[in-house]
Amino acid sequence: METPPVNPVGEKDTSQPQQQWEKNLDLTTQIRQQRRDPPTEILELRVSPDSDSQILENPQETEKLAAGLEGDSKSHGSASEVPEPLQASDLWYCPDGSFVKKIIIRGHGLDKPKLGSRCWVQTFGFTLGSGLPEGWTEVTMGLGPWREETWGELIEKCLESMCQGEQAELQLPGCSGPPVRLTLASFTKGRDSWELEATEKEALAREERARGTELFRAGNPESAARCYGRALRLLLTLPPPGSPERTVLHANLAACQLLLGQPHLAAQSCDRVLEREPGHLKALYRRGVAQAALGNLEKATADLKKVLAVDPKNRAAQEELGKVIIQGKKQDAGLAQGLRKMFG
């Protein structure tokens, strides 16, 4: 579903204000009707409830918010009024460069969704087949299968930067299509990761690891890598010596990165494993494969020989070492030919 084009920053929109106002009124009616429907899926955070886990507004305020999502009396009091030009502060660049957020309607308050926050959101304009339902739905920050897809990670990052009542458009780098729109109507109070007990972090990390393994076995290394990465971020905040789960997670992440064509990242993940367990055979093998892909044949040979010294019948290591030897001979032959041409 397409969204209307966005005006450049700093430029006023003076085209057809009356039609825009009528469109806003129609959307307001639609929002009120959809708000009465229950969300399609509710994902709960398995921690003890407390007095703070309440929706941040009452039903009357929700109706007021719905009425102001697309336009309010302050900004659209009459057909002759024109929206104020966007300021630099209306743009927010995601730190990892995955998208740019443009604020269409500012929210209120300072609180933002955190881990465990149940968010009542409206999505509009996502590509067909993304798996994200158009319209209103409820998602839980930090939990649930909705985060496994690329759009899920994108939305979660955006929600972490939004206040209640905010409406924004997201533009993806390199995407020529119209921006997608996201509205955060309300959310429950969550917690920062540092507020969780160590046992809670470990439990959540185990769930992420288990889900990542399911996805990997199902042939989805990209989503599996996201699960392993989220688990690692939870465990990295634990005090030394940390959780032994980190070793397994880094090794699993390396396997995903190899399948995704990211040998440099895979080698780094294996380094993390081998810092804690120098004899970890899977990490040695995967680092050897990564080094071979990077053209570091001596390092690859050394890692693979270490695997075979412990497990001489390891067929995967034997085959990979054979490939590295052949690659090395070709490399030497090419070098010799170049030298003959230079000095012949």
So which trypsin sites (Lys or Arg not before Pro) in the range 283-336 end up in coil per DSSP with only 13 or fewer other C-beta atoms within 10 Å? 313
Could you tell me what a quarter of the Cα convex hull surface of the range 193-260 works out to, in nm² with one decimal place? 4.1
Any idea what the alpha-carbon Rg over 2.2 N^0.38 Å comes to for the range 278-334? 1.05
Report, to the nearest whole %, how much of the accessible area of the range 91-187 belongs to carbon and sulfur atoms, 1.4 Å probe, protein only. 59
Computing the accessible area with a 1.4 Å probe over protein heavy atoms, can you report the carbon and sulfur percentage for the range 193-260? 56
Of all GluC sites (Glu not before Pro) in the range 173-208, the ones in DSSP coil with at most 13 other Cβ atoms within 10 Å are 197
Volume per residue of the C-alpha convex hull in the range 90-202, rounded to whole Å³: 112
Charged-residue dipole, Cβ positions (Lys, Arg, Asp, Glu), the range 278-334 about Cα centre, Debye nearest 20: 120
Percent carbon-and-sulfur accessible area, the range 278-334, ignoring ligands, DNA and RNA, probe 1.4 Å: 54
In Å², and per residue, what accessible area does the range 278-334 have when probed at 1.4 Å with the other protein chains present? 62
Could you grab the relative contact order for the range 218-336? Cα pairs under 8 Å, six or more apart, rounded to a whole percent. 17
Beyond 18 Å, the calculated P(r) of the range 200-333 holds a percent of Cα-Cα pairs equal to 56
Just to be sure I understand the model, the point goes 7 Å from the Cα along the line to the Cβ. What's the resulting residue 134 to residue 275 distance in nm? 4.8
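The values are calculated or read from the model by the stated rules, or taken from the named source; none is laboratory data. For clarity, every value in this text was computed on a predicted model and none was experimentally measured. Counting neighbours? That spans all protein chains shown, and the Cβs are built from the backbone with ideal geometry, glycine included. Ligands, DNA and RNA are excluded from the accessible area calculation, which covers all protein heavy atoms including side chains. Shrake-Rupley method; radii C 1.70, N 1.55, O 1.52, S 1.80 Å.
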